Amino acid sequence: MSPLPDEVRTAIVVVAAGSGTRLGRDEPKAFVEVHGVSILEHALRGVFGAVEPLQVIVVAPAALVARARAIGEHVAGAASAHLTVVAGGDTRQRSVAAGLAVLADGIDQVLVHDAARALAPASLIDRVVHAVRTGGGDGVVPALAMIDTVKRVDGDRVVGAVDRSDLVTVQTPQGFPRAQLLAAYASVADDHTDDAALYAAAGHGILTVPGEPLAFKITTPWDLARAERLVDASDGIRTGIGVDAHRYDETVPLWLGGVYFPDEPGLDGHSDGDAVIHAICDALLSAAGLGDLGSRFGSADPRYAGAESGIFLRETLALVEGVGFRVGNVAVQVVANRPRLAARRSELEAHLGELVGAPVSVAATTADGLGFSGRGEGLVAIATALLSR
Ligand code: CTP
Ligand code: MG
């Protein structure tokens, strides 16, 4: 295994060694599929989506270590050096201990996470990492306020109400400073329901951060069906839209869609004014949920003054692919009196298709004399993009 990069200070132990008795399937729970993808793979997609670079330790059933490693490497891709897979124990606590035994040297904080919380988002992991880093030695748990009314029972009889205003339910990942967590695991013999309980039993404080409803634990067949519904609705394809308008400027050359148009007025703008490429970038960022061109490549940034717009497109594609999307197609429509695009449409489509790495269709229309575009003062480009995971 190649060594971990030095900047990796945080590890996450993903426990996936349970059998899933309550789910009642033949396979161990982490290998049961939600929408065609194993629970373990879903969980690791969240983990490898974190901004914080992590050592990722997967704890798998002893007989399935190789399969867990294959799943982990598939998700990790180029980051496979960050992945370690070990066999678990016969209780969750023993499985966590098996993961803690292979922490890399430079690690100074550790998260423990249930693979069964398959849909926990990457942002929750980053939230916990940040809270541990600033928590002064306390452990950190994600917590949700209780929604249901809570009763105390004796058998099947309600014997009292419980005030839920100071109660929360807690999730994973839970985070801790490395040295204190290892000392707590070494000192505590009895079984605890979660790592925070074990850490508290060793005398430490625990802080909460806001939890995520999506980080619910898949325990029962109902939970599995619920996860199926949620993945069905959120996975797969995303569309985005982008619009850009620029005023004509007779003193500059016209670049549109990365193609030069001689004898045409250019477009005024901080970069080269290529409204087609700017609209495409905004559509891609919009589909990926990554904001927009202005917030990503601020127009105040001197690096982009007079810049050829192809660099925005390349950087945008790197951002979009960096969060796991692939471009399906892009469509652009230009609303302008000039230039006339018909004669060069296929050239534009071919050039943009090559830049984007997916089919790009280009259409043009005029605004029937209406508004700034119709009066010939400027040009508008509108783009849509389709992305898939
Ligand atoms: N876990 C583990 N090793 C164990 C038991 C549990 O790594 N010996 C892991 C599970 O894989 C799961 C997490 O701990 O990701 C939370 O446990 P739970 O939801 O209870 O899973 P299971 O123990 O597999 O399910 P069940 O209790 O229904 O058998
Ligand atoms: Mg269990």
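Quick test for you: out of 132, 141, 102, pick the one residue that is within 16 Å of ligand 1 (Cβ to nearest atom), touching a strand residue (DSSP E or B) at 6+ places or on another chain (Cβ under 8 Å) and not in a loop (DSSP other than H, G, I, E, B). Steps first, please.
Numbers: 132 fails: within 16 Å of ligand 1 (Cβ to nearest atom); 102 fails: not in a loop (DSSP other than H, G, I, E, B).
Unique residue meeting the criteria: 141.
Filtered by the rule that a residue be under 24 Å from the mean Cα position of the chain (by Cα) and modelled with pLDDT of 95 or more, the stretch 140-177 gives 140, 141, 142, 143, 170, 171, 172, 173, 174, 175, 176.
When we screen 238, 247, 229 for residues that are closer than 30 Å to residue 111 by Cα, out of contact with any His (no Cβ under 7 Å at 6 or more places or on another chain) and basic (Lys, Arg), the only hit is 229. Across the stretch 107-135, the number of residues qualifying as within 16 Å of ligand 2 (Cβ to nearest atom) and either free of Cβ contacts under 8 Å to residues at least 12 places away in the same chain or not small (Gly, Ala, Ser) (or both) comes to 4. Consider the stretch 17-43 and keep the residues that are among the hydrophobic types (A, V, I, L, M, F, W, C) and within 12 Å of ligand 1 (Cβ to nearest atom). The one that is nearest to residue 65 (Cα to Cα) is 17. Set side by side, the residues 120, 131, 115 differ, and just one is under 18 Å from the mean Cα position of the chain (by Cα), open to solvent by less than 20 Å² (accessible area, probe 1.4 Å), of a type in the set (A, V, I, L, M) and at pLDDT 95 or above, which is 115. Please specify each residue of the stretch 183-208 satisfying the condition of being assigned to a strand (DSSP E or B) and surrounded by 18 or more Cβ atoms within 10 Å (Cβ to Cβ). The one that is assigned to a strand (DSSP E or B) and surrounded by 18 or more Cβ atoms within 10 Å (Cβ to Cβ): 206.
Here's the yes/no breakdown for (1) of a type in the set (A, V, I, L, M); (2) within 30 Å of residue 189 (Cα to Cα):
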residue	(1), (2)
25	no, no
41	no, no
53	no, no
77	no, no
91	no, yes
98	yes, yes
108	no, yes
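Of the strands (runs of 3 or more DSSP E) lying entirely inside the stretch 222-261, those containing at least 3 residues that are touching a helix residue (DSSP H, G or I) at 6+ places or on another chain (Cβ under 8 Å) and at pLDDT 95 or above span 237-249.
The values are calculated or read from the model by the stated rules, or taken from the named source; none is laboratory data. Here the structure is a predicted model, which means the values were calculated and not measured. A quick note on method: Cβ atoms are made from the backbone with ideal geometry, for glycine too, and the neighbour counts reach across all protein chains shown. When the accessible area is computed, the model is the full protein with side chains, heavy atoms only, and any ligands, DNA or RNA have been set aside. Shrake-Rupley method; radii C 1.70, N 1.55, O 1.52, S 1.80 Å.
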